[in-house]
Structures are given as C-alpha cells and as structure tokens.
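Notes to accompany the following structure.
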Amino acid sequence: MKCEFGAAVLAAAIMLMPNLALADQLRWTITSYHPNVVSLEFYSQSYNRAWPGDGQVYLLDDSAAHSYNLECSPGEQVCYGAWVRNASSTYWGVGMNDTQRCSDCCAICGDGDVESITLTE
C-alpha cells in the first residue's frame, strides 16, 4: 500500500509539472588558420537565439582547435557564422548576424558531434 501511494503521488506531480523541453547537446570543433582574429557565433534556425548570445561572440585568435558544446533542443537546426573581426565582408558559414547563405554550415541537435571545421583564408 505504501509503495502504491508513493507511485500515485509521483504520477500526480509529473502531470502537474509544466512541459519542459528536453535538452540535448551539439558539439562543434572549429580551428582558424586565418592570420586575423575571427569572431564566431552559432545561430538557431529553429528558434530566435544564438550562442554565446547577449551580443557576445567567441574569439578565435590562435590556430588551436576550439570546442563548443551548445545546449539545444532535439531536432533544432544550428548554423555557425564566423567573420574576420572588424571586417565582416570576410566570412564563413552564415557570417555575422546569420545574414549569409551556406550549403554545409548547419547541424541538427541530437545527431551527434559536428565534423571538425577549419577556417582558412
């Protein structure tokens, strides 16, 4: 009886909880061999959000491989945009502010790690 009561309470609590979106992760690894500092941002194509967000960007200022684990929703499409700092006319992926088109710069959250990307001149 005690076990049945606990299960009933748990089931009721779950039903009363708001529907929470299950989170997943998307891991990107990006290396820049460009001689200038490169700004990098990731843009959701499914929702109005970006990583790191809040007007910030990731900086690539060396030739090391940098990894980014983005928390995202399963099935969410995420694209990267990179550009030479203070010279957004030189860009990769969707560029600064997600304004360009690309053929191979997006990934789907939940499909595993993204293949490593190398930015060159």
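Do we have PRO74 as within 14 Å of the chain's Cα centre (by Cα), loosely packed, with under 14 Cβ neighbours inside 10 Å and in contact (Cβ under 8 Å) with a residue 40 or more places away in the chain here?
Details: within 14 Å of the chain's Cα centre (by Cα): yes; loosely packed, with under 14 Cβ neighbours inside 10 Å: yes; in contact (Cβ under 8 Å) with a residue 40 or more places away in the chain: yes.
Yes.
Checking the structure you have, find out if any residue of the stretch 53-67 is within 13 Å of TRP28 (Cα to Cα) and in contact with a Lys or Arg (Cβ under 9 Å, 6 or more places away or on another chain). Give the steps one after another, and end with the answer.
Applying the first criterion (within 13 Å of TRP28 (Cα to Cα)) to the stretch 53-67 yields 58, 65-67.
Retained after the next criterion (residues that are in contact with a Lys or Arg (Cβ under 9 Å, 6 or more places away or on another chain)): 67.
Yes, there is a match, as at least one residue in the stretch 53-67 is within 13 Å of TRP28 (Cα to Cα) and in contact with a Lys or Arg (Cβ under 9 Å, 6 or more places away or on another chain).
Does LEU59 fit the bill of being aliphatic (A, V, I, L, M), surrounded by fewer than 18 Cβ atoms within 10 Å (Cβ to Cβ), within 16 Å of the chain's Cα centre (by Cα) and at pLDDT 95 or above?
Values: aliphatic (A, V, I, L, M): yes; surrounded by fewer than 18 Cβ atoms within 10 Å (Cβ to Cβ): yes; within 16 Å of the chain's Cα centre (by Cα): yes; at pLDDT 95 or above: yes.
So LEU59 passes the test.
With small (Gly, Ala, Ser) and at pLDDT 95 or above as the only criterion, which of SER88, SER67 stands out?
Working: SER88 fails: at pLDDT 95 or above.
When all the criteria are applied, what remains is SER67.
Quick check on my filter: what residues within the stretch 91-106 are among the polar types (S, T, N, Q) and modelled with pLDDT of 95 or more?
Here is the first cut: in the stretch 91-106, the ones among the polar types (S, T, N, Q) are 97, 99-100, 103.
Across the stretch 91-106, the qualifying residues are ASN97, THR99, GLN100.
Is it fair to say GLN45 is in contact with a strand residue (DSSP E or B) (Cβ under 7 Å, 6 or more places away or on another chain) and at pLDDT below 95? Talk me through it step by step, then tell me what you get.
Values: in contact with a strand residue (DSSP E or B) (Cβ under 7 Å, 6 or more places away or on another chain): yes; at pLDDT below 95: no.
For GLN45, the condition - in contact with a strand residue (DSSP E or B) (Cβ under 7 Å, 6 or more places away or on another chain) and at pLDDT below 95 - is not met.
The values are calculated or read from the model by the stated rules, or taken from the named source; none is laboratory data. Note that the structure is a prediction, hence the values are computed from the model and not measured. Cβ atoms come from the backbone with ideal geometry, glycine included; neighbour counts cover every protein chain shown.
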